[in-house]
Every structure is written in structure tokens, then in C-alpha cells.
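To start, the structure under review is shown below, and the notes come after it.
The values are calculated or read from the model by the stated rules, or taken from the named source; none is laboratory data. Being a predicted model, the structure only gives us computed values, none of them experimental. For neighbour counting, all protein chains shown are included, and Cβ atoms are generated from backbone atoms with ideal geometry for every residue, glycine included. The accessibility values were calculated without ligands, DNA or RNA, using every heavy atom of the protein model including side chains. Shrake-Rupley method; radii C 1.70, N 1.55, O 1.52, S 1.80 Å.
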Amino acid sequence: MNARCATGTKSMIRIAYQASHEQFPPSQLLKFVAMAEREGFDAIHSSDHFHPWSERQGHGGFSFAWLGAAMQQTSLPFSVVCAPGQRYHPAVVAQAAATLSEMFPGRFHLNLASGEAINESITGEQWPPKDERNARLLECVNVIRRLLVGETLTHRGRVTVKHARLYTLPAAPPLLFGAAMSKDTAAWMGAWADGLVTVCQTPEKLKEIMDAFRHGGGESKPVHVKLDVSYAPDEREALMGAHDQWRTNVFSSLIMADIAQVAQFEELAKNITPETMRQHVIVSSEPQVYVERIGEIAALGVDTIILHNVNRSHETFIETFGKFVLPRVRQLSS
């Protein structure tokens, strides 16, 4: 279960806690990440949504404001998914990343993605097709990189930057990962991203995505995988909690990227049954089930596994995994 770190050496698998801004108010997420650190999680990963995926989720806090508070009250490394180019100007993303990295050296990295209409189309601008979004993303990545090393930059293309310079810089710029859901996108990101973050599907599909990234230029770069789980002491409670909170999130990325309204996700998911959730989320009341699943993923050479408990019982999840899952994973890893 050993995993490769950014330098290509071996290290123990890291387990991160997913702070879901779609599901909880920022004040509650502060309590969860403090608890996650106490219970032994190794890192925190944050979503960055303007809208939730459903009315039942019901939240959409501003992740960059929250990150400063959350990082101040913990000592863990943090990351966040961000889609520059429409809702966020890349120069503002660079400024936010530089500020967090200056305050908390070595504890922050960005996961950059092409975005989803439910968040980015609030600007009223036309929502581009995937190939155009990818091209815009790469432009934004290049802008962000150049600003993070102190360049004064003017750029005119899919995004425009005029005489921009960051006066507050960290000692070292943060890593810029690419966030990919398909093997084609992962292969494209291998050439320019410092690492890959993706969502776990089956081990076979996950391996395809990881191989594509590595063959595309990411051979020695770290891979982080988000694993959706639904734990509760009672299995039916776990299943119904997953269905309540996450049934709008079971569709392919090709569909989800282009839907712009919460109500549309609700309509799309109205025929999803509780049992269907087992195809998309690890649902169990037994900690050993999660230990084994994490072991399967780690064996592929993953560096960090991000655990997202999709139901709302996060105190129970954090406490139980801290006592019964993380120690077993580390024992196997060592």
C-alpha cells in the first residue's frame, strides 16, 4: 500500500477529509476539520461551489474565505478545487493562492479544473464547450504560474490580464494539480499539472485514468483520489443518507458539467433509488469494508485518498474512522 510522493520516493498513504461546502455551513466545517485533525486525518480537501447540487444539501460557502480560518486553527495541509476563467479571474486565484501559501508555508495546493455550469455560469457569460474550457484552463494555469513567481504580466487571449504583479509572494509557489474525471483529460493534464486529483470509480477505471496521466507526462507526479463513502452504525441509515444527500451526483461528468440549475439536478435524479447509490458510493456500517477498499486504491500507487462521507453524520464518521479505519490502513501501509 505504499504510494509515491512528488519526488518519486516512497511514503505512507495519506488520508484526507473532504470539507463539503455544498452540504454544511462554513462554521460547522471549521468544527469538522478540527475534529478530523484530532482523530488522525492527514490532510483536508475542500470543494468550491457557488450552488449546491440539491436543495437538501443546501449550502454554498466561499471556500477561499473559509480556508484562511480553517488553516489557522489546524496544522494540516489543505487543498481546494477551483475553476479559473469565468467566475474567478486567474490573477485573483493567483493572489488568493499566494496569500494562503505565504501565511501557511508548504500547507496549500490548488486543484485546477475546467469547471461546471452550476457554479461558473452565474456570470451570465456563455458556457463554453469542453474543448474550449480546457484551452481556457491551460491559459489560466500559465497566468497563475507566472504571477506566482513574481512576473509582471500582460496577457490577451481567452482571458485578459493587464500589468498584473503579485507583491506578496510565498517563499515557494504552491503546487498546481489538475482535476480530471476522464482518461482523456488526465492524459492532457499529465504534461502541465504538478499532480492529478480525480474521483474514484471502479479500480479498473481509476487505473485507466492514472495510467493516462502518467503516460501523458505525469509519471513521477502525485495522484490524489476522492472516494465517496456513506458510513453510519446502521447500514440502512447509511444507505438512506447517501440517497438523500448524493443522488444528484451520480451522473457522468459529461452530463453534470453542463447543467446550470439546482432544480435541473433535482429533476434528473428523481428516479434514482436508494439501492442505485451502491453503484456510486461505498455504503456500509462495517469499518473493515472501508479499510479493504482504501487498500485496493492505495495499491494502484495513489499518494492521498480523500474520504468524502456523503451523508450528514460527519461527527460519527470522523470519530469512527479515526478509531477503526485510519489505524488499520496505516498498519497495512507500514
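Pairs exceeding a 30 Å alpha-carbon distance, out of LYS31/LYS226; LYS31/LYS323; LYS270/LYS323: LYS270/LYS323. Which shape class applies to region 30-174: rounded if a/c is under 1.5, otherwise prolate when a/b exceeds b/c and oblate if not, where a ≥ b ≥ c are the square roots of the Cα gyration tensor eigenvalues? Since a/c reaches 1.5 but b/c is at least a/b, the shape of region 30-174 is classed as oblate. Which residues in region 306-327 place their backbone N less than 19 Å from a point set 7 Å from the Cα of GLU296 along the Cα-to-Cβ direction? Zone members listed by number: 306-310, 325-326. For the chain, the solvent-accessible area works out to 42 Å² per residue, with a probe of 1.4 Å and every protein chain left in place.
Taking R0 as 41 Å, what's the FRET efficiency between SER334 and LEU254 from their Cβ-Cβ distance, rounded to 0.05? Result of the calculation: an efficiency of 0.55.
Taking only protein heavy atoms and a 1.4 Å probe, the accessible area of the chain is 52% carbon and sulfur. Among the aspartates and glutamates, which have Cα under 19 Å from the Cα of LYS207 when same-chain residues fewer than 8 positions away are ignored? Leaving aside aspartates and glutamates fewer than 8 places away in the same chain, those within reach of LYS207 are ASP184, ASP194, GLU219, ASP228, GLU292, GLU296, ASP303. Scanning residues 5 or more positions from CYS82 or on other chains, those with amide H under 5 Å from its amide H are ASN111, LEU112, ALA113, with H placed 1.01 Å from N in the peptide plane. Separation of region 128-182 and region 57-81 by C-alpha centroid, Å? Going from one Cα centre to the other spans 21 Å. Which parts of region 22-64 would a label at VAL92 reach, counting a residue when its backbone N lies under 13 Å from a point 7 Å out along Cα-to-Cβ? Hits in region 22-64 for VAL92 at 13 Å: 50, 62-64.
Take the Cβ atoms of ALA172 and PHE62, set R0 to 35 Å, and the FRET efficiency comes out at 0.85.
Principal-axis analysis of the Cα atoms of the chain puts helix 203-213 at an angle of about 20° to the longest axis.
Our coupling estimate for region 12-25, obtained by passing each phi through the Karplus curve with A = 6.51, B = -1.76, C = 1.60 and θ = phi - 60°, is 6, 4, 9, 10, 10, 9, 8, 8, 9, 5, 6, 10, 9, x Hz, Gly and Pro reported as x.
Taking amide H as placed 1.01 Å from N in the peptide plane, the amide H of VAL225 sits under 5 Å from that of THR198, THR304, ILE305, ILE306, each at least 5 places away or on another chain. Largest first, the residues GLU208, GLU55, GLU139 sort by 1.4 Å accessible area into GLU55, GLU208, GLU139.
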